[in-house]
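Quick notes on the structure that follows.
Every read-out reported here was derived from the displayed coordinates using simple, explicitly stated rules and does not represent laboratory data. Note that the structure is predicted; figures quoted are calculated from it, not measured. Quick reminder, even Gly has a Cβ in these numbers, built from the backbone with ideal geometry, and neighbours come from all protein chains shown.
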Amino acid sequence: MSTQKIWDLHMTMQGEFTDKQLERTKELAKSIAEEPGVIWKIWTHEAGTTHFGSTYLFKDIDSLEKYKAMHIPRLTDMGITDINDHIFDIMEDLSHINKAPIA
């Protein structure tokens with residue numbers, strides 16, 4: 001197993017996702033890119049719903065836990081509800097066979 005960790009996050013946002021929110025979210029994305037331990041993040045949205053998500057790759061569990069402790073309250077402050085998450089170990093041997101973007 002890898003020391004890297006996957007953080008899979010699912011949430012519900014109230015209302016439509018507007019262009020104004022997109023611009024604010026771009027600023028958030030830039031700040032996330034600078035967070036210690038974040039290797040990458042994939043942003044997701046289920047079309048036609050208020051369901052959003054993210055899948056992150058962190059360098060280690062300590063970085064993930066520190067980020068999570070800061071980020072969950074930030075999401076709540078933004079009005080995001082129904083936050084569910086899971087932390088996964090990476091099965092490197094199998095993931096490399098399928099060209100996963102991990103180190």
Check your understanding: When only Cα pairs under 8 Å and 6 or more residues apart are kept, what is the percent relative contact order across the chain?
Key -> 47
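Evaluate the charge dipole of the stretch 5-97 about its Cα centre and quote only its size in Debye, nearest 20, assuming +1 on the Cβ of each Lys and Arg and -1 on the Cβ of each Asp and Glu. Walk me through the intermediate numbers first.
Working: 10 positive and 17 negative charges, 59 e Å.
So the magnitude is around 280 debye.
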Practice item. On a 0 to 90° scale, report how tilted helix 61-77 is relative to the longest principal axis of the chain, with both axes built from alpha carbons and the result rounded to the nearest 10. Key: 10
Review point. Short version: ³J(HN,Hα) in whole Hz for each residue of the stretch 31-44, in order, from phi by Karplus 6.51 cos²θ - 1.76 cosθ + 1.60 (θ = phi - 60°), x for Gly and Pro, what are they?
Key: 5, 4, 4, 9, 5, x, x, 7, 8, 7, 9, 10, 8, 9
Point to revise | Set LYS5/LYS41; LYS20/LYS59; LYS30/LYS99; LYS5/LYS99 screened for pairs whose C-alpha atoms are more than 20 Å apart | key: LYS20/LYS59; LYS30/LYS99
Review point. Roughly how many Å is it from the Cα centre of the stretch 53-68 to that of the stretch 1-38, as a whole number?
Key: 11
Review point. According to a simple spin-label model (label point 7 Å from Cα along Cα-to-Cβ), what is the distance in nm between GLU23 and ILE42?
Key: 3.0
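Less than 12 Å Cβ to Cβ from GLU27, Lys/Arg counted +1 and Asp/Glu -1: what total charge do the surrounding residues give? List each step's numbers first, then the result.
Numbers: positive: LYS20, ARG24, LYS26, LYS30; negative: GLU23, GLU34.
Net of charged neighbours comes to +2.
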Review point. Taking neighbour counts of Cβ atoms within 10 Å as a proxy for exposure, in what order, fewest first, do MET11, MET91 appear?
Key: MET91, MET11
**Study point:** Computed over the chain, Cα set: Rg, Dmax in Å
**Key:** 14.4, 42
Study note, to complete from the structure: In deg cm²/dmol, rounded to the nearest 500, the helical mean residue ellipticity at 222 nm of the chain, built from -39500 (n - 2.57) for every DSSP H run of length 4 or more, is -11500 deg cm²/dmol
